[in-house]
């Protein structure tokens, strides 16, 4: 998430009572997770396992629970509880804002767009031209939708990321301050849900088509012209490149890449990055479909082999 203006580091430190290690006038332009940070962003780290990753990331300000030597060109904010203080910052810069109308007065809606009765359009939503928003669609605050988009009944765009940290007193929620962006010519089937980014964007690119009942997790990118079958579960921080076909009941793990032109057959589970270029995958976990079918054929012959061996 980018701030509406550039802040000095001492301003940010004052909000959370953190100690500055570096230049107090250091410029701060946004806040983001470690895997999505850019120059000018704050990120946080609270476990020694990830200190080096954070310090060597693109973030220029690291909210951290240990006093370390700061890398050249960066600044540190020392905090006893970076997770807590990160949430303080995200709630300050992206607070919840209630709406008492079905369509917020702050929403921008393009020419020719139809919004059916019972739909909810939140604050600062942007919807392009010639869209159809069917009944009982919920579009949370700040979501951006392009032109010629169809959202079928029950679609939910912008629900919070499923992101929690285990603490002594239970699970603590990471406050989501990211967004959902739907590009032009996308059609999303009934009862699909697409979560906002924790602090970045969940993006569905141009020309994608979704069947009913699919879930897309936070900070995921789905490329152009992808087909997504019914009841797929796509975890957060996943990249699905262009022209990928995913059939029904496919589960996809987090932090992996489905490369351009891949096809994943129904009732499969993807737990690692897979190649594209027309390759077809099947199984749980997936492998190339021909290889999987051959393996299944061998398995069916095992009882016969065991009998012949007298085992």
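Just so it is clear, none of the values below were taken in a lab; they were calculated from the coordinates. From a predicted model like this one, the values you see are computed outputs, not experimental measurements. Don't worry about glycine lacking a Cβ; one is built from the backbone with ideal geometry, like all the others, and counts go over all protein chains shown.
Some notes on this structure:
- Residue with peak Gaussian network fluctuation, the chain [Cα springs, cutoff 10 Å], from 246, 15, 31: 15
- The residues 141, 69, 81, when put in order of fewest to most other Cβ atoms within 10 Å, stand as 69, 81, 141.
- Average projection area in nm² (convex hull over Cα atoms of region 92-227, one quarter of hull surface): 8.4
- Within the listed set 170, 112, 200, the Gaussian network model of the chain (springs between alpha-carbon atoms below 10 Å) gives the highest mean-square fluctuation for 170.
- 0 to 90° range, to nearest 10: angle between helix 289-309 axis and the chain longest Cα axis: 50
- 222 nm mean residue ellipticity, helices alone, for the chain (DSSP H n ≥ 4; -39,500 (n - 2.57); rounded to 500): -4500 deg cm²/dmol
- Note on residue 269 and residue 17: the extension gain reaches 86.2 nm, defined as 0.36 nm multiplied by sequence separation minus the Cα-Cα distance.
- The modelled label-to-label distance for the pair residue 114/residue 100, using points 7 Å beyond Cα in the direction of Cβ, is 3.2 nm.
- Largest-first ellipsoid semi-axes for the chain, taking √(5λ) over the Cα gyration tensor eigenvalues, angstrom: 38, 29, 16
- Computed E for residue 92/residue 256 - FRET, C-beta separation, R0 22 angstrom, nearest 0.05: 0.10
- Centre separation in Å (Cα based) which lies between region 32-93 and region 209-236: 30
- Beyond 21 Å, the tail of the calculated P(r) for region 2-93 holds 16 percent of the Cα pairs.
- Considering only 49, 292, 111, the Gaussian network model of the chain with Cα springs below 10 Å gives its largest mean-square fluctuation to 49.
- As a length-normalised measure over Cα pairs under 8 Å and 6 or more apart, the relative contact order of the chain settles at 8 percent.
- Segment residue 38-residue 80, extension gain: residue separation times 0.36 nm, minus the distance between their alpha carbons: 12.7 nm
- Once the Cβ-Cβ distance of residue 302 and residue 56 is raised to the sixth power relative to R0 = 45 Å, the FRET efficiency obtained is 0.35.
- Estimated FRET transfer efficiency when R0 is 25 angstrom, pair residue 165-residue 126 (beta carbons, to 0.05): 0.20
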